[in-house]
Amino acid sequence: MPATTLEQVVALAKRRGFVFPSSEIYGGLQGVFDYGPLGVELKNNIQSDWWRTNVYERDDMEGLDAAILMNRLVWKYSGHEETFNDPLVDCRNCKSRWRADHIKGKCPNCGSTDLTEPRPFNMMFKTQVGPVADSDSFAYLRPETAQGIFANFANVLATTSRKLPFGVAQIGKGFRNEINPRNFLFRVREFDMMEIEYFVMPGTDEQWHEHWLEARLSWWAGIGVPRDQIQVYDVFKADLAHYSKRTYDLMYNYPTLGYQEIEGIANRTDFDLGSHSRDQDKLGLTAKVIPNPDSLARLTYFDQASNRHVVPFVVEPSAGVGRCFLAVMSEAYDEQIVKAPPAEKVEAVAQALQAFLKSVGRNEKLAAETRDALLERGEAIAAALPEALPQIETLLAMPGADQIEVGKKLRGQAQPVADEHFRTVLRFVPKIAPVKAAVFPLKRNHEGLVGTAKGIRKALQKTGMRTVYDDTGAIGRLYRRQDEIGTPFCITVDFQSLEDGTVTVRDRDSMAQERVASGELESYLREKIG
Ligand code: ATP
């Protein structure tokens with residue numbers, strides 16, 4: 001079963017070094033995160049799978065890596081200076097700031113309804129360019145990568161001799177000064193985006209829009225985010241962005257958050273290329289563009305069939321890597337009973353949990369919201385024992401739990417049962433798992449076993465598969481550790497290995513083991529990983 005709460009994923013991501021708060025040693029920076037040793041591997045794997053699928057496995061795509069800083073005029077004619085705003089309100093009571101469309105007229109911090117009128121707040125970060133800080137010497141950190149593709153449209157066309165339809169793919173950083181960053185990686189101020197601008201003949205745009213919807217859903221399924229966890233939301237006309245004729249938002253069913261946007265697929269018409277062109281009145285544009293006396297180019301395509309210049313329409317699938325990372329981790333997350341816990345142990349945990357909840361209910365020092373959150377979570381766990389037993393750890397990590405004395409007793413009861421009878425496993429699709437294989441020697445003080453295991457690790461990693469070596473515990477414990485980070489295969493070198501050159505390979509999901517000749521390990525793993 002995938003994660004039921006965001007806390008489960010956040011706790012695991014922190015515990016195992018997938019994600020760290022940025023600049024934590026100075027108290028952090030809100031809405032900014034760093035990817036740790038495992039996080040960077042997972043993120044790279046997601047990105048390269050996206051690149052492979054969208055660039056290498058098609059014959060109508062090129063790649064691009066445009067700079068983050070661009071001429072300010074790009075953001076004037078893209079419409080961002082004018083319209084990339086969120087509605088900001090202030091709470092007059094506690095002075096906190098919120099996005100008006102996120103809070104339903106009531107301050108989430110203090111509950112006051114005494115709020116200012118919403119006013120537009122531009123989300124682009126500014127930064128100074130050059131040594132002289134006058135009012136003109138700034139640039140924006142790009143809020144999307146798309147504009148780098150539009151600004152290079154003529155360059156790509158001239159250097160690749162592409163014919164319509166064709167697309168340009170790009171992965172890179174975007175920055176948005178979100179009013180209220182929250183929900184871990186879901187809403188942050190700095191994030192990576194995977195964007196495609198697909199250029200088509202006007203009139204074929206609707207059909208290509210449908211094509212990309214299907215192509216993208218199929219990619220999501222292939223990295224472990226199944227179709228039945230995504231709703232396709234056909235955005236209402238009144239809610240469309242200024243450039244869009246029609247947009248499909250893919251809404252993933254995030255734990256705790258429910259259905260939220262993970263990717264937008266927009267039909268941007270001829271707005272972008274038209275807006276960035278000179279001589280707009282000669283181009284026969286359909287979009288209402290911003291008059292542009294500054295551009296040096298006409299971003300058109302010469303159509304030989306009709307012997308005329310046209311401004312291509314654009315279909316844009318745009319996904320955030322962080323939201324993808326969170327969805328992939330949530331889907332992969334599982335807590336599994338490996339050996340049924342005896343009834344009396346479960347009963348003891350159930351009683352300790354009830355005592356904890358009673359104490360929470362009676363505690364008058366806790367804020368009402370904190371108390372309710374603990375009770376709600378605790379009761380959900382109590383109703384789902386024994387399966388939910390490992391979640392007691394996340395309950396005890398919630399705000400306020402540390403003030404409940406009997407929490408210690410609950411932990412003392414629950415933890416040994418969780419450790420002995422459950423395993424947490426990230427069931428990543430093997431191709432995106434951060435570590436592909438882990439190699440263990442049966443004994444860590446045996447030179448032959450250690451040397452062979454290290455040799456296998458080195459040889460596998462040379463082939464491009466991230467492989468780790470570990471000898472810091474008993475084999476069962478090492479398996480659990482790898483399960484928790486989603487390593488699909490564990491390889492153990494034992495005494496038989498020294499005699500016949502075979503090793504045991506243990507499968508993460510089935511926990512089955514088989515013996516494989518070490519010389520065949522690479523092809524064995526490659527076949528399984530795909
Ligand atoms: P939202 O309505 O949630 O603010 P949006 O409609 O502004 O999102 P787009 O402009 O369509 O988002 O951005 C494309 C993609 O970039 C989104 O589908 C999402 O995956 C990602 N994204 C956008 N804003 C953020 C953010 N603040 N943090 C993380 N990812 C983001």
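Checked against the criterion of being touching a Ser or Thr at 6+ places or on another chain (Cβ under 6 Å), within 30 Å of Leu29 (Cβ to Cβ) and within 14 Å of the ligand (Cβ to nearest atom), the candidates Gly258, Gly172 yield just one match: Gly172.
Does Glu210 count as within 16 Å of the ligand (Cβ to nearest atom) and charged (D, E, K, R)? Answer is no for this residue.
One residue is enough: does region 322-333 have a residue meeting the conditions under 30 Å from Leu185 (Cβ atoms), more than 16 Å from the ligand (Cβ to nearest atom) and at pLDDT 95 or above? Checking region 322-333: at least one residue is under 30 Å from Leu185 (Cβ atoms), more than 16 Å from the ligand (Cβ to nearest atom) and at pLDDT 95 or above.
Taken together, the residues in region 386-406 that are under 30 Å from the mean Cα position of the chain (by Cα), open to solvent by 40 Å² or more (accessible area, probe 1.4 Å) and under 23 Å from Lys345 (Cα atoms) amount to 3. The one condition from (1) open to solvent by 60 Å² or more (accessible area, probe 1.4 Å); (2) not in a helix (DSSP H, G or I) that Pro341 does not meet is (1). Among the residues making up region 491-530, those that are under 20 Å from Glu447 (Cβ atoms) and touching a helix residue (DSSP H, G or I) at 6+ places or on another chain (Cβ under 8 Å) are Ile491, Thr492, Val493, Asp494, Phe495, Ser497, Leu498, Gly501, Thr502, Val503, Ser518. The number of residues in region 14-27 that are under 23 Å from Arg176 (Cβ atoms) and open to solvent by 30 Å² or more (accessible area, probe 1.4 Å) comes to 6.
Conditions tested, residue by residue: (1) out of contact with any Gly (no Cβ under 7 Å at 6 or more places or on another chain); (2) closer than 30 Å to Glu7 by Cα; (3) surrounded by fewer than 18 Cβ atoms within 10 Å (Cβ to Cβ).
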position: Lys408; (1), (2), (3): yes, yes, yes
position: Arg411; (1), (2), (3): yes, yes, no
position: Ala418; (1), (2), (3): yes, yes, no
position: His421; (1), (2), (3): yes, yes, no
position: Asp494; (1), (2), (3): yes, no, no
position: Asp500; (1), (2), (3): yes, no, yes
position: Arg506; (1), (2), (3): yes, yes, no
position: Met511; (1), (2), (3): yes, yes, yes
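Working only within region 28-57, note down all residues that are assigned to a loop (DSSP other than H, G, I, E, B) and either open to solvent by 70 Å² or more (accessible area, probe 1.4 Å) or in contact (Cβ under 8 Å) with a residue 60 or more places away in the chain (or both). Matches in region 28-57: Leu29, Gln30, Gly31, Val32, Glu57. Of all residues assigned to region 277-296, none qualifies as being among the hydroxyl-bearing types (Ser, Thr, Tyr), over 25 Å from Ser48 (Cβ atoms) and part of a strand (DSSP E or B). Taking the numbered list (1) under 26 Å from Val55 (Cβ atoms); (2) surrounded by fewer than 17 Cβ atoms within 10 Å (Cβ to Cβ); (3) among the aromatic types (Phe, Trp, Tyr) in turn, Tyr252 passes all entries but (2). Gln231 fulfils the conditions (1) open to solvent by 40 Å² or more (accessible area, probe 1.4 Å); (2) within 14 Å of the ligand (Cβ to nearest atom); (3) under 28 Å from Leu426 (Cβ atoms); (4) free of Cβ contacts under 8 Å to residues at least 24 places away in the same chain except for a single criterion, (4). Taken together, the criteria exclude Asn177 from residues that are more than 14 Å from the ligand (Cβ to nearest atom) and polar (S, T, N, Q). Scanning region 296-326 for residues that are open to solvent by less than 50 Å² (accessible area, probe 1.4 Å) and among the aliphatic types (A, V, I, L, M) yields Ala297, Leu299, Val310, Val311, Val314, Val315, Ala319, Val321, Leu326.
Among the conditions (1) farther than 16 Å from Glu369 by Cβ; (2) open to solvent by 90 Å² or more (accessible area, probe 1.4 Å); (3) at pLDDT below 90, the only one that Asn109 does not satisfy is (1). If you go through region 272-288 and pick out every residue that is in contact with a Ser or Thr (Cβ under 8 Å, 6 or more places away or on another chain), within 23 Å of Ile196 (Cα to Cα) and either within 16 Å of the ligand (Cβ to nearest atom) or without any contact (Cβ under 8 Å) to a residue 24 or more places away in the chain (or both), you end up with 1.
Residues are listed down the side, and each one gets a yes or a no for (1) out of contact with any Gly (no Cβ under 6 Å at 6 or more places or on another chain); (2) within 16 Å of the ligand (Cβ to nearest atom); (3) over 29 Å from Trp220 (Cα atoms); (4) hydroxyl-bearing (Ser, Thr, Tyr):
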position: Arg58; (1), (2), (3), (4): yes, no, no, no
position: His102; (1), (2), (3), (4): yes, yes, no, no
position: Phe138; (1), (2), (3), (4): yes, no, yes, no
position: Leu141; (1), (2), (3), (4): yes, yes, no, no
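The values are calculated or read from the model by the stated rules, or taken from the named source; none is laboratory data. Predicted model, so just to flag it, every value in this text is computed and none were measured. Positions of Cβ are backbone-derived with ideal geometry, glycine not excepted, and every protein chain shown enters the neighbour counts. The accessibility values were calculated without ligands, DNA or RNA, using every heavy atom of the protein model including side chains. Shrake-Rupley method; radii C 1.70, N 1.55, O 1.52, S 1.80 Å.
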